[in-house]
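Notes for the one structure printed next.
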Amino acid sequence: MKELIPPQRIFLTEILKERLTLGHPKYQEIEKDLAKRWAGYWGEMALANYMKELPQEKYLIFHDLQLQINGIHFQMDTLLISQNYILIIEAKNISGTLVFDNVFKQLIRIHENGNEEAFEDPRVQCQRLQSLLRSWTAKNCCNLLPIDYLIFFKSTNTILKTNPGERVDFSKVCKGRDVFNKIENLEQRYNHVRVDNQTITKIGELLLSQQSPKQINILKEYNLTEKDIRSGVCCPNDKCHHIPMNYKRGKWTCPVCQTTSKVAHLKALSDYFHLIKPTITNFEVRSFLHLPNNDITQKILLRLKLPSSGKTKNRIYHLCPKKVPVCVLS
């Protein structure tokens with residue numbers, strides 16, 4: 001099983017939101033995108049919790065599986081593999097009244113005030129994932145099982161509708177615990193054992209070995225540069241988060257709430273590595289952390305024992321997950 005963890009995109013967007021200069025014109029856009037991404041993740045989490053109830057001896061279960069075929073990256077929220085078939089399940093956490101538009105292949109959310117919001121039709125999305133996974137299994141010589149899909153809506157209060165006069169096949173759409181009924185129907189449809197357990201284990205191992213997350217340049221996605229990012233160490237107090245903290249006598253002090261820390265610079269360096277670039281120089285460390293002089297900067301770098309290349313003034317330090325935390329989301 002591949003467990004579900006918060007995706008890298010959420011982690012990077014959280015950092016960007018915290019580091020964006022105050023009053024930045026992109027702030028509201030980023031905040032809105034972040035809310036959508038968290039909602040999507042909570043939908044995936046709800047689905048993952050349901051999947052724990054499936055018989056573990058019957059299915060291999062993978063969450064947030066990211067693959068590529070011919071340079072095309074694709075991600076599947078949940079993938080089930082049995083001896084009979086493979087099932088892609090895409091989770092949606094969209095509340096309110098949703099209308100499936102067959103004409104323009106879109107999903108329309110109608111808000112309480114009557115405003116409408118358009119989304120990609122999840123059926124089209126799943127059909128594309130189905131096609132890409134078929135191509136991937138064929139390329140990797142493991143196209144031994146039929147591939148189907150389901151669309152899972154987290155909220156049972158979500159109202160699903162169609163445009164007047166249209167007929168929509170909802171056989172692949174479910175809400176809440178109805179996902180088990182849909183899976184049972186698929187089990188009846190795919191009731192022929194095609195491979196043994198050893199084979200599905202090998203397919204699962206191949207999927208994990210071929211994990212290929214798409215590299216994300218979050219600044220580039222929002223057309224931002226390093227100049228848009230606030231430098232400095234962030235106060236670790238959850239009620240403060242002031243930037244920058246001041247460094248004196250081996251510890252960081254927040255000028256607003258007086259919180260102190262000896263390790264607050266670790267997250268600041270992590271932010272730098274993930275937002276700006278995975279390498280840093282002595283000068284860049286001093287500048288980004290707002291350190292008073294080169295000697296203190298050098299002492300901090302020596303304590304971290306980061307991998308480096310080059311010598312003396314040309315030395316470059318590299319991101320090391322064991323020394324600097326890669327993800328601070330829980």
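The values are calculated or read from the model by the stated rules, or taken from the named source; none is laboratory data. Keep in mind that this is a model prediction, so the values were computed, not measured. All Cβ positions, even for glycine, are placed from backbone atoms using ideal geometry, and neighbour counts span all protein chains on display. Calculation scope for accessible area: heavy atoms of the full protein, side chains included, ligands and nucleic acids excluded. Shrake-Rupley method; radii C 1.70, N 1.55, O 1.52, S 1.80 Å.
Listed values, structure above:
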{"quantity": "Any hit, segment 170-177, residues being open to solvent by less than 20 Å² (accessible area, probe 1.4 Å), closer than 20 Å to Tyr59 by Cα and in contact with a Ser or Thr (Cβ under 9 Å, 6 or more places away or on another chain)", "calculated": "yes"}
{"quantity": "Pick from segment 222-250, criterion surrounded by fewer than 13 Cβ atoms within 10 Å (Cβ to Cβ) and on the phi > 0 side of the Ramachandran plot, ranking: modelled with the highest pLDDT", "calculated": "Asn223"}
{"quantity": "Given (1) on the phi > 0 side of the Ramachandran plot; (2) polar (S, T, N, Q); (3) at pLDDT 95 or above, index of the condition Ser82 fails", "calculated": "(1)"}
{"quantity": "Residues of segment 4-34 satisfying the condition of being open to solvent by 60 Å² or more (accessible area, probe 1.4 Å) and either of a type outside the set (A, V, I, L, M) or part of a helix (DSSP H, G or I) (or both)", "calculated": "Gln8, Arg9, Gly23, Pro25, Tyr27, Gln28, Glu29, Glu31, Lys32"}
{"quantity": "Strands (runs of 3 or more DSSP E) wholly inside segment 128-207 that include at least 2 residues being modelled with pLDDT of 95 or more and within 24 Å of Leu107 (Cα to Cα)", "calculated": "147-153, 173-175"}
{"quantity": "Subset of segment 212-254 [of a type outside the set (Val, Ile, Thr), under 30 Å from Gln68 (Cα atoms) and in contact with a Lys or Arg (Cβ under 7 Å, 6 or more places away or on another chain)]", "calculated": "Tyr222, Leu224"}
{"quantity": "Residue in segment 202-221 that is open to solvent by less than 90 Å² (accessible area, probe 1.4 Å), β-branched (Val, Ile, Thr) and within 30 Å of Phe288 (Cα to Cα) present", "calculated": "yes"}
{"quantity": "Test: residue in segment 204-218 that is more than 30 Å from Glu57 (Cβ to Cβ) and free of Cβ contacts under 8 Å to residues at least 24 places away in the same chain", "calculated": "yes"}
{"quantity": "Tally, over segment 81-140, of residues that are open to solvent by less than 50 Å² (accessible area, probe 1.4 Å), among the aromatic types (Phe, Trp, Tyr) and within 21 Å of Lys175 (Cα to Cα)", "calculated": "1"}
{"quantity": "Neighbours by Cβ (under 8 Å, 6+ apart or cross-chain): first from segment 293-322, under 24 Å from Trp252 (Cα atoms) and without any contact (Cβ under 8 Å) to a residue 24 or more places away in the chain; second part of a helix (DSSP H, G or I) and open to solvent by 60 Å² or more (accessible area, probe 1.4 Å)", "calculated": "Asn293/Arg286; Asn294/Arg286; Thr297/Arg286"}
